Amino acid sequence: MNMDVLEEDDYNYHENISINFTYDDYVTLCEKGDVRSFAAVFLPIMYTVCLVVGLAGNAAVVAVYAYHKHLKTMMDTFLTHLAVADLLLLFTLPFWAADAARGWELGEAVCKIVSACYTVNFTCCMLLLACISLDRYLALARAQGGDHRGRLQRMFTRRHCWRMCLVVWATAFILGLPDLFLSEVRWASNRNICLAIYPSSMGGGWKAALEMAEVLLGFLFPLLVMVICYWNVGRALKGLPVESRSKKCRAVRVLLIVVGVFVVTQLPYNVLKVYRAMDSVYALVTHCGTSKVLDQAAQVTESLALTHCCLNPVLYAFVGSSFRQHMMKVAKRFGEKRRRTKRTENAAEGEGMDMSYNSRSASQETNTFSI
């Protein structure tokens with residue numbers, strides 16, 4: 001997990017300053033008991049909310065597509081992979097909530113697995129959002145009779161969809177390898193903590209490079225793809241006839257909300273990651289108070305970034321007509337099954353009563369079912 005707030009319980013904020021030595025230059029110990037107390041209350045609450053809300057939405061997406069047993073479009077495939085990545089990420093939150101409240105008590109092997117799983121699925125979610133943006137843009141280009149010979153058009157087809165998803169998961173897995181190999185359980189301030197320990201031979205440069213790679217692939221690249229694709233989609237929508245103005249405005253509003261939510265939830269967390277990466281190389285933080293502020297900011301901004309897992313089903317699945325149709329079919333079948341079960345129970349209770357099991361009447365009732 002990239003929550004550097006748990007990385008150092010005691011921060012020696014004079015250790016990187018080498019001037020003429022005097023007795024005033026002894027290392028000053030920065031006690032962070034108040035930071036740990038804040039994390040012990042704030043993080044479990046935030047993680048519980050994210051887990052409950054995100055589990056409901058993403059489980060609904062997976063259940064609907066699993067019920068149909070086939071994915072008709074690339075959007076269906078990307079949404080399913082996004083929901084799976086969100087769920088795997090959310091399942092790591094109880095471990096981090098317990099870690100914030102009581103310390104790490106599950107051993108080093110679980111520490112490595114959970115840390116790697118967190119990074120892999122967080123990065124995978126962001127890359128899948130870029131794939132969804134590209135798919136929407138290319139689908140619009142095809143509908144408008146655009147050039148079908150482009151390389152992106154050839155890559156983003158139903159036949160190659162599994163390759164795109166494989167590349168996304170492989171990229172995320174590579175970024176998760178450092179957490180898998182370097183995460184350890186250390187004793188500090190009367191508790192165990194799970195964190196990535198970089199060998200002294202690697203220096204701060206390796207850690208900074210890995211942080212910047214995560215920012216590049218997990219934020220800047222998806223944001224750039226989203227802005228370019230949705231900008232072109234918005235320009236295409238402006239060319240629609242006047243009679244379609246209401247639909248056009250609604251579609252543009254959805255696009256703006258999607259980009260806006262991504263920026264609001266991810267930008268603060270990634271800006272802080274860049275600053276902390278620079279600090280690991282250039283020792284920018286030299287005061288205990290500044291270190292405490294950054295630690296608490298890391299807790300708040302990373303929790304904010306995690307809320308995107310809860311919003312993904314609303315922003316990408318529930319607003320899509322294809323998914324709504326799938327969900328309506330599932331709801332209709334579930335309603336049919338419940339009505340049939342109820343009729344069977346009533347028939348068993350009333351032995352002398354004739355029950356009409358006309359399939360036509362059942363289908364008429366089903367047609368009036370709505371969500």
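Laboratory data are not the source of any read-out in this text; all were calculated from the coordinates shown. Every value quoted in this text rests on a predicted model; they were computed, and no experiment measured them. Backbone-built Cβ (ideal geometry, glycine too); neighbour counts: all protein chains shown.
Working note: Karplus 6.51/-1.76/1.60 with θ = phi - 60° gives segment 37-45 the couplings 5, 5, 5, 5, 9, 5, 5, x, 5 Hz, where Gly and Pro are set to x. Working from label points 7 Å from Cα in the Cα-to-Cβ sense, the Leu224 to Ala283 distance is 3.4 nm.
Let me spell out the model: positive unit charges on the Cβ of Lys and Arg, negative unit charges on the Cβ of Asp and Glu, origin at the Cα centre of segment 56-172. What dipole size does that give, in debye rounded to 20?
740
Near Glu184, the amide H atoms lying under 5 Å from its own belong to Leu195, Ala196, Ile197; only residues 5 or more places off or on other chains count, and H is placed 1.01 Å from N. Taking the Cα-to-Cβ direction at Glu105 and at Ser201 and moving 7 Å from each Cα, how far apart do the two end points lie in nm? Rounded to a tenth, the inter-label distance reads 3.7 nm.
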